[in-house]
């Protein structure tokens, strides 16, 4: 890890920014106070909503934290395909007694307005999902004293992150819950993502900027594994989703370890972009037919997801979760950071002892 990033926190544990109301100030503050790096998720919020959460977080902790932004999306969705999908969802609309959302409700997620806020009120770290910002944007944030991090899911994307001048790259394996942070959505690559350990090794040989590993990490021993593979830190999302400080719906938290939900899949059913979640009725019935249309499908299904959550119906919610979801622990976020840190040290000690024993055998 570079000196600047290391100065932010003593332990290589980063709490993933989970949009949709999960990564709230209480969660980020608890993680940062425990020595990790807490994150707010600005995705789907207004610029003022993001600013108010930053103010609230600063009132809870003086420790460093990060804010995540979604990159504006290009217009490449097929309007006819979105319309067909809307017709298919008519039954869901009737069932939940709510109208479908307007698919053309905006593509940029208030990106420019949020950047303006972050330049006027700098935060320690800003990360980007779904693409690479311009070098000018990264330079402006750097002049404001902000470190920048960008998600990549392939070696080529990681190289693009380095060329743009970011301070670090988040290497996201296919195991990760929620949306895959691909720079350009391509239906032909659905389900072809690379496992985290293999991806770290490949990226480590291609770039020389710090790597933050993300994807299915739930235990300190897994953090030790990604560090040994070449990462400088580990980003955990699903592990923090079950904590009491998380803003996730109670039904979502319970589903992580509910025997009814035995596996996860990547799906476009809820947003039009590949995202990993617990397999439920909505995903099974609509996933095979959902078009590659983000954020149109996200806007379209938003009222359905809210209605399902209000009704406590897990079968109609987007239950984002990584492949390690069954290992979720209902610990306070700060305590979870401490437990993960202890597990990490234990794993490192075991690896060191094994290495010494191996040397003696030779």
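Things to note:
- The single condition among (1) free of Cβ contacts under 8 Å to residues at least 60 places away in the same chain; (2) touching a helix residue (DSSP H, G or I) at 6+ places or on another chain (Cβ under 9 Å); (3) in a loop (DSSP other than H, G, I, E, B) that residue 204 does not meet is (3).
- Selected residue (criterion: farthest from residue 73 (Cα to Cα)) from residues of region 1-19 that are part of a loop (DSSP other than H, G, I, E, B) and modelled with pLDDT of 95 or more: 16
- Subset of region 20-45 (residues that are out of contact with any helix residue (DSSP H, G or I) (no Cβ under 8 Å at 6 or more places or on another chain) and without any contact (Cβ under 8 Å) to a residue 60 or more places away in the chain): 32, 41
- Residue within region 269-287 that is at pLDDT 95 or above, under 30 Å from residue 79 (Cα atoms) and exposed (fewer than 15 other Cβ atoms within 10 Å of the Cβ) present: yes
- Index of the failed condition, residue 198 passing every other in (1) in contact with a strand residue (DSSP E or B) (Cβ under 6 Å, 6 or more places away or on another chain); (2) surrounded by fewer than 24 Cβ atoms within 10 Å (Cβ to Cβ): (1)
- Test: residue 216 is surrounded by 24 or more Cβ atoms within 10 Å (Cβ to Cβ), under 16 Å from the mean Cα position of the chain (by Cα), in contact (Cβ under 8 Å) with a residue 40 or more places away in the chain and in a loop (DSSP other than H, G, I, E, B): yes
- In region 319-362, the residues that are out of contact with any strand residue (DSSP E or B) (no Cβ under 6 Å at 6 or more places or on another chain), within 30 Å of residue 98 (Cβ to Cβ) and part of a loop (DSSP other than H, G, I, E, B): 322, 328
- For region 154-173, taking the residues that are without any contact (Cβ under 8 Å) to a residue 40 or more places away in the chain and assigned to a helix (DSSP H, G or I), the one that is farthest from residue 68 (Cα to Cα) is identified as 156.
- Filter pass, residue 245 being surrounded by fewer than 19 Cβ atoms within 10 Å (Cβ to Cβ) and in contact (Cβ under 8 Å) with a residue 12 or more places away in the chain: no
- Residues of region 305-336 that are touching a helix residue (DSSP H, G or I) at 6+ places or on another chain (Cβ under 6 Å) and touching a residue at least 40 places away in the same chain (Cβ under 8 Å): 308, 312, 314, 316, 317, 318, 319, 321, 322, 325, 333, 334.
- Pairs, first at positive phi and part of a loop (DSSP other than H, G, I, E, B) in region 84-107, second surrounded by 13 or more Cβ atoms within 10 Å (Cβ to Cβ) and modelled with pLDDT under 95, C-beta under 6 Å, six or more apart: none
- Scan of region 288-304 for residues that are assigned to a helix (DSSP H, G or I), in contact with a helix residue (DSSP H, G or I) (Cβ under 7 Å, 6 or more places away or on another chain) and surrounded by fewer than 22 Cβ atoms within 10 Å (Cβ to Cβ), ordered by number: 289
- Extreme residue, surrounded by the fewest Cβ atoms within 10 Å (Cβ to Cβ), among residues of region 227-242 that are touching a strand residue (DSSP E or B) at 6+ places or on another chain (Cβ under 9 Å) and assigned to a loop (DSSP other than H, G, I, E, B): 230
Yes/no per residue for (1) modelled with pLDDT of 95 or more; (2) closer than 29 Å to residue 33 by Cα; (3) under 21 Å from the mean Cα position of the chain (by Cα); (4) surrounded by fewer than 19 Cβ atoms within 10 Å (Cβ to Cβ):
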site	(1), (2), (3), (4)
111	yes, yes, yes, no
120	yes, yes, no, yes
129	yes, yes, yes, no
142	yes, yes, no, yes
146	yes, yes, yes, no
163	yes, no, no, yes
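- Number of the exception - residue 156 against (1) surrounded by 13 or more Cβ atoms within 10 Å (Cβ to Cβ); (2) under 23 Å from the mean Cα position of the chain (by Cα): (1)
The values are calculated or read from the model by the stated rules, or taken from the named source; none is laboratory data. Quick caveat, the model's predicted, so the values are computed rather than measured. Cβ sites come from the backbone with ideal geometry, for glycine too, and all protein chains shown count toward neighbours.
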